[in-house]
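The values are calculated or read from the model by the stated rules, or taken from the named source; none is laboratory data. Just so you know, these numbers come straight off a predicted model, no measurement behind them. Please note: Cβ atoms are built from the backbone with ideal geometry, for glycine as well, and neighbour counts cover all protein chains shown. In case anyone asks, the SASA skips ligands and DNA or RNA and just uses the protein heavy atoms, side chains included. Shrake-Rupley method; radii C 1.70, N 1.55, O 1.52, S 1.80 Å.
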Amino acid sequence: QAPPKTGKSMFAAQLTDALERCEPFLAWTPARAIRCLYIQVDAPPGDWVAQLEQLDLISARTLDREDLGLFFLDEPEKRVRVRDAISIGGFEFVVWDAAEKLTGMDLNKKEGCQHLLKMIQSIWAGPSLLVHHPRKLSEAGNWRNVDEIAGHHYLAADASAILTLRGAGSRKGKLNVLGRRAESRWELARNPKTYAWIDAEPEVNGNGGSGV
């Protein structure tokens, strides 16, 4: 989760590409190649293709707004289409980008969050990454209050981990990974040519981030 234009989709695209290619991303290395489906209904199709080409990320299959339209989780026939695509394609990991464009219901309310999660799980119950624009951010340096970061607890409570990305100027970022049993923090930078996220402080972040 992160505010708009922070680089969430780019981060998610880099992650899925690393999973597909079985290559390292930051300090994480997949044990094997994993087939990924990227559902991108946040960005206009042309913009998304341009971002992938800029990053040279072509591995993961993408279903975009041109394929599914906005708020497709509210349409039964489109849910069936996505479920069939996952099954036929043998995908093992799905990115849902972004939560606010998947359903027309209000995600600041309990009913909207429950609907979103129920519809996703009716399509795919396996590993997923849900990209989310939080309603409000924590104060600077306060990474621990997940409910405050998310704006509500309904989505956060159902997640195995919360990845919070925050911009720190046009060329830097901060990533916090908060799991049920561990937490790590990262200082990130942008590749000056592709604008991809890279590890800004590998000697500090090490394997698994600078744990706290």
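Taking the conditions exactly as written (at pLDDT 85 or above, within 26 Å of R81 (Cβ to Cβ), open to solvent by 40 Å² or more (accessible area, probe 1.4 Å) and under 15 Å from the mean Cα position of the chain (by Cα)), does L130 satisfy them or not? The answer is yes for L130.
Could you tell me whether R166 is modelled with pLDDT under 90, part of a strand (DSSP E or B) and closer than 25 Å to P44 by Cβ? Judged against the criteria, R166 is a match.
Of all residue pairs spaced 6 or more apart or on separate chains, those with beta-carbon atoms under 8 Å, a first member in the range 107-124 that is more than 11 Å from D74 (Cα to Cα) and outside any helix (DSSP H, G or I) and a second member that is open to solvent by 70 Å² or more (accessible area, probe 1.4 Å) and at pLDDT 95 or above are W124/R83.
Checking T29, T16 one by one, the residue that is crowded, with 20+ Cβ neighbours inside 10 Å and not basic (K, R) is T16 and no other.
Taking the criterion of being in contact (Cβ under 8 Å) with a residue 24 or more places away in the chain and either open to solvent by 20 Å² or more (accessible area, probe 1.4 Å) or touching a Cys at 6+ places or on another chain (Cβ under 9 Å) (or both), the residues of the range 155-182 that qualify are L155, D158, A159, I162, L163, R166, G167, K172, V177, L178, A182.
Among the residues of the range 40-62, those that are touching a helix residue (DSSP H, G or I) at 6+ places or on another chain (Cβ under 7 Å) and of a type in the set (A, V, I, L, M, F, W, C) comprise V41, A43, L52, L55, L57, I58, A60. Among the residues of the range 86-97, is there at least one that is farther than 20 Å from T16 by Cβ, free of Cβ contacts under 8 Å to residues at least 12 places away in the same chain and open to solvent by 20 Å² or more (accessible area, probe 1.4 Å)? No - not one qualifying residue is present in the range 86-97.
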